[in-house]
Amino acid sequence: MERLVGALEGLGESAFALSLLMCAGVVLGFVGIWPLFAVWLERKASADFQSRLGPMYVGGFHGWLQTLADGIKLAFKEDLIPAQANRVLFWIAPAVAFCGAFATMVVIPIAQGVEIVNLDIGIFFILAISSVGTIGVVMAGWASNNKWSLYGAVREAAQLVSYEIPIALSLMIPIIAVGNLRLGHIVGFQCAGPEDAGFVYLSHHGWLLFYSPWTLAAGLIYFVASLAECKRAPFDLPEAESELVSGFHTEYSGLRFSFFFLEEYVFMFVVSIVGALVFLGGWQPLPFVSFQFDNPLMKLIGAGILLGKAVFLVWVQIWLRWTLPRLRVDQVMTMGYKYLTPLAMLTLMGMALYQYWGCRYIPGIL
Amino acid sequence: MFTYMRNVVDSLRTTVKGMQVTWKNLRRPETTVEYPEQLVPLPEGYRGIHTLDTDICIYCFQCAKICPVDCIEMRAERVEKKFLSWEVFNIDYNKCLFCDLCIEVCPKDCIHMDKRDGSAKFALITDDRSTLNLDILEYKGLSEADKVAVVKVREENAKKAAEKAKAAAEKKAAADKDESEDKKDKADDSGK
Ligand code: SF4
Ligand code: SF4
């Protein structure tokens, strides 16, 4: 725990606790506001793809308050618990699922040096913590005592466990080039330039997506696997509304249901921003030309660029959702085990050999 | 191995193709409108609420006669002994089939179910069924002179009806009086 928290550590226990609370508040605020925007974006985008208008009424400009209105409606709905449900698990399952998405936010740098915790195992932390969401979903499906929910939960468990392999392997590939798990360092690698660089300079490596053919393939694999990780179409089997009646959250209503919703959209954002940081150069606007993002104003602009990239990736996810039909269970498994995993392994090997024989410098290893 | 590689390439290719299709749809302008604020442009010949062109209607009652469910209620009155004017032209949309017969039979082509400018009314949603008995005259909007005439005729009719009722009541009262007197007489007779 270095930057933000570390600076306040010297001020004593209470200041430290206060700063922790502040960080939690910032993350919670973002996590509360982001789904409002993302759901609105999804609705508008799906409407556009279907030549409809989408929400137009609430809030005046293109129904931008529609999600808030829906959220208020959800909050006031009756909170039903099935008689045969396991009450304790049923209660805590949404919170557990939500924590998985929520906790990943702490290691994400939003601009150069602006992050809550600068963990040296950043990417590993994200991969590990995001699996906690799976436990929440399985808990929800089991506790509901409903066959559809259970099917949904089992599908979720099978799907997420199998897609965690390609997602982890595809994130290993850029790390071979960078030699560091810190997200800040990965971005730093992509905008590393000459010592005496001015405001604008030509970076040595450029975005990792274009660093080598292997990282390009890794980027694609990461994107596909991340779709499966956040249960988006065409991999939305756990909550297939037409066959499983929304799968694991069939029995959930009101505020608890909205927690699952928040989790899904926050997780979409997390995988998108990680993709933007690792493959798309973080806050660097151009692939091979870098800028100095060191003063507060530039950091603000950088944060905007990073958020823009994340929103763009979320939009591509939405685009795919409204393009592709849902896959069958066996197709999802085939895709995960027979295609993505071997391809990710091949790419990993290729990247390792490329780094070994290529003339690229690997920091920390050579 | 060959199938394997082909599957990979195929999945990429078809996904890109599908995304192109949705992209094309994204660029297409919206085909829906914000309904209550914006009216839907309706095609000619649309069967909605009737409109009556009172200027060319010749009061032939054909439309009322042909109606299979007898839902047109019409009555015309002579105004100042010179021209006929509609007093009542109601269509009960609880019954109407939208069968188009009244439109086809009209010799003057003056009753329509589509407004020719495409702004036909079609929303019949209500929570009170009695409101579905629409006054087509008011609905379409008469010319000012016609409106005055209709109001006048209605007032006169109301007056006439009131007078009639009054007369009837008086008559009845008189009859009652007579009757009671008769009874009295009879009672007197029996008493004797
Ligand atoms: S459309 Fe048919 S049912 Fe309706 S008023 Fe005309 S004739 Fe009668
Ligand atoms: S058939 Fe046509 S002209 Fe005759 S009364 Fe009806 S609307 Fe008027």
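For this structure, a couple of remarks:
- As a summary of the residue check, A:Gly54 satisfies the conditions (1) in a helix (DSSP H, G or I); (2) open to solvent by less than 30 Å² (accessible area, probe 1.4 Å); (3) at pLDDT below 85; (4) within 14 Å of chain B (Cβ to nearest Cβ) except for the one numbered (1).
- Residue list for segment A:157-187, filter: in contact (Cβ under 8 Å) with a residue 60 or more places away in the chain and over 17 Å from A:Val271 (Cα atoms): A:Ala158, A:Ile176, A:Ala177, A:Val178, A:Gly179, A:Asn180
- Within segment B:54-72, considering residues that are more than 10 Å from ligand 1 (Cβ to nearest atom) and either at pLDDT below 75 or part of a strand (DSSP E or B) (or both), the one farthest from B:Ala158 (Cα to Cα): B:Asp55
- Number of residues in segment A:265-287 that are out of contact with any strand residue (DSSP E or B) (no Cβ under 9 Å at 6 or more places or on another chain) and open to solvent by 20 Å² or more (accessible area, probe 1.4 Å): the value is 3.
- Close pairs from segment A:113-126: first free of Cβ contacts under 8 Å to residues at least 40 places away in the same chain, partner in a loop (DSSP other than H, G, I, E, B), Cβ under 6 Å, at least 6 apart: A:Phe125/A:Leu119
- Taking the conditions (1) at pLDDT 80 or above; (2) open to solvent by 50 Å² or more (accessible area, probe 1.4 Å) in turn, A:Glu13 satisfies each one other than (1).
The values are calculated or read from the model by the stated rules, or taken from the named source; none is laboratory data. Fair warning: this is a prediction, and the values are worked out from it, not measured in the lab. Glycine also receives a Cβ, built like all others from the backbone with ideal geometry; neighbour counts cover every protein chain displayed. In case anyone asks, the SASA skips ligands and DNA or RNA and just uses the protein heavy atoms, side chains included. Shrake-Rupley method; radii C 1.70, N 1.55, O 1.52, S 1.80 Å.
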